[in-house]
Amino acid sequence: MRRCGIEWSAIAAEQLPVPVERKGEAIVKMDKVLLSYRTIHKTVHPVLKGINLELRSGESVALIGNNGAGKSSLMKLIAGITTPTGGTVYVKGMKVNGLPPERLSGIASYVFQNPEDMFIDDSVRGEIAYYLKARRLADMDETVEAMMEAFRLHELAERDARLLSGGQQRRVSLAIGAAVRPAVMLLDEPTANLDISTKQEMVEVLETLRSHVETVVIATHDMALVAEWASRVIVMNDGMIIADGSKDEIFSDGALLRRAGLADTQLMELSRMLGLPRICCSFEEFTRTVEWRKEAVTHGGNSQTGT
């Protein structure tokens with residue numbers, strides 16, 4: 001694409017990140033996985049339709065799609081909360097079909113959309129300790145302290161987690177999940193019902209998880225979170241995976257996002273309106289791209305006029 005004598009494809013290529021090869025260890029493998037349930041009218045309703053998927057160590061994976069696409073169901077299969085009606089799910093080489101969730105707690109940790117569903121003790125410190133005691137893990141006291149430090153919970157240590165703010169409850173639920181050092185952490189709508197400032201804090205909290213968990217998977221409608229955090233984006237629709245790639249690949253396809261019932265962020269929409277060489281995912285990226293374009297157009301105009 002050439003504008004004002006400028007080769008925009010060259011500028012786009014300069015900005016685009018080199019595709020990351022998936023070389024990490026396979027943490028999750030799903031082979032032709034099916035999930036269905038019977039309705040009150042005794043008819044079979046398919047939820048997942050032959051899912052083939054591999055998630056690797058080091059990935060930050062976002063599952064996106066409209067309501068009913070199958071995102072939460074897929075994560076619950078990985079955590080052993082739900083049993084597939086067909087196919088096989090493996091986590092760290094272990095076949096999880098039908099295994100009780102407690103058998104998988106040290107391998108796959110699922111954090112529900114409502115954090116308070118995980119709380120049973122009367123203090124934040126007690127919440128973390130309870131889950132470690134239940135699994136008879138060694139070095140419990142040291143682990144509790146490490147989680148309190150990592151997720152900035154020391155000031156809330158003796159508070160009842162059920163009485164905390166939404167953002168604070170999220171931090172507690174993630175500390176509980178990370179304390180058992182699972183291979184994969186599965187989060188359902190981690191920014192649901194949070195205000196803008198708390199949503200931004202969640203990005204930092206999710207970054208904290210990287211040092212405690214091999215692979216993090218979130219199911220979300222929050223495209224701003226996906227744009228800022230995810231290294232891999234999987235698009236689901238009607239119980240199937242319809243796209244799987246980097247956020248640049250996924251966000252550049254407006255038709256794909258519309259098919260999945262997803263809306264552009266304001267930055268993504270503005271990138272399309274301005275005809276930028278790539279869809280920008282962050283404010284810093286947007287301003288840098290606009291500056292590059294202004295500079296390129298200026299230099300191109302000068303070269304054409306001979307100045």
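Couple of notes before you dig in:
- Whichever residue in the range 262-300 is hydroxyl-bearing (Ser, Thr, Tyr), surrounded by 19 or more Cβ atoms within 10 Å (Cβ to Cβ) and under 24 Å from Ala243 (Cα atoms) and, among such residues, is modelled with the lowest pLDDT: Thr265
- Look at (1) within 24 Å of Ile196 (Cβ to Cβ); (2) touching a strand residue (DSSP E or B) at 6+ places or on another chain (Cβ under 9 Å); (3) not in a loop (DSSP other than H, G, I, E, B) and you find that Val172 fails only one, number (2).
- Residues satisfying the stated conditions in the range 233-251, i.e. out of contact with any Pro (no Cβ under 7 Å at 6 or more places or on another chain), surrounded by fewer than 19 Cβ atoms within 10 Å (Cβ to Cβ) and not in a helix (DSSP H, G or I): Asp238, Met240, Ile242, Ala243, Asp244, Gly245
- Every residue from the range 253-288 that is in contact (Cβ under 8 Å) with a residue 60 or more places away in the chain and in contact with a Phe, Trp or Tyr (Cβ under 6 Å, 6 or more places away or on another chain): Pro277
- Those residues of the range 31-62 which are out of contact with any helix residue (DSSP H, G or I) (no Cβ under 8 Å at 6 or more places or on another chain) and of a type in the set (Val, Ile, Thr), in sequence order: Thr39, Ile40, Thr43, Val44, Val61
- Every pair of residues 6+ apart whose Cβ atoms lie under 7 Å, when the first sits in the range 206-217 and is modelled with pLDDT of 90 or more while the second is in a helix (DSSP H, G or I): Val213/Ala178; Val216/Leu206; Val216/Leu209; Val217/Met75
- Only one entry in Val172, Val216, Val226 is crowded, with 22+ Cβ neighbours inside 10 Å and over 15 Å from the mean Cα position of the chain (by Cα), namely Val172.
- Residue check, Ala62 crowded, with 17+ Cβ neighbours inside 10 Å and under 20 Å from Ile218 (Cα atoms): yes
- Per this entry, Glu284 is not counted among residues that are assigned to a helix (DSSP H, G or I) and assigned by TED's automatic domain parsing to the domain that holds Ala62.
- Considering Met147, Met202, Met185, the condition of being closer than 20 Å to Ser109 by Cα and modelled with pLDDT under 90 is satisfied by Met202 alone.
- Residues of the range 24-51 classified as within 19 Å of the chain's Cα centre (by Cα), of a type in the set (Gly, Ala, Ser) and not in a loop (DSSP other than H, G, I, E, B), total: 1
- Criterion applied to Thr191, Thr198 was being assigned to a loop (DSSP other than H, G, I, E, B), under 20 Å from Asn114 (Cβ atoms) and either in contact with a strand residue (DSSP E or B) (Cβ under 9 Å, 6 or more places away or on another chain) or hydroxyl-bearing (Ser, Thr, Tyr) (or both), and the one residue passing it is Thr191.
The values are calculated or read from the model by the stated rules, or taken from the named source; none is laboratory data. Note that the coordinates shown come from a computational prediction; the quantities given were computed from them, not determined experimentally. Positions of Cβ are generated from backbone atoms using ideal geometry, with glycine treated the same way; all protein chains shown enter the neighbour counts.
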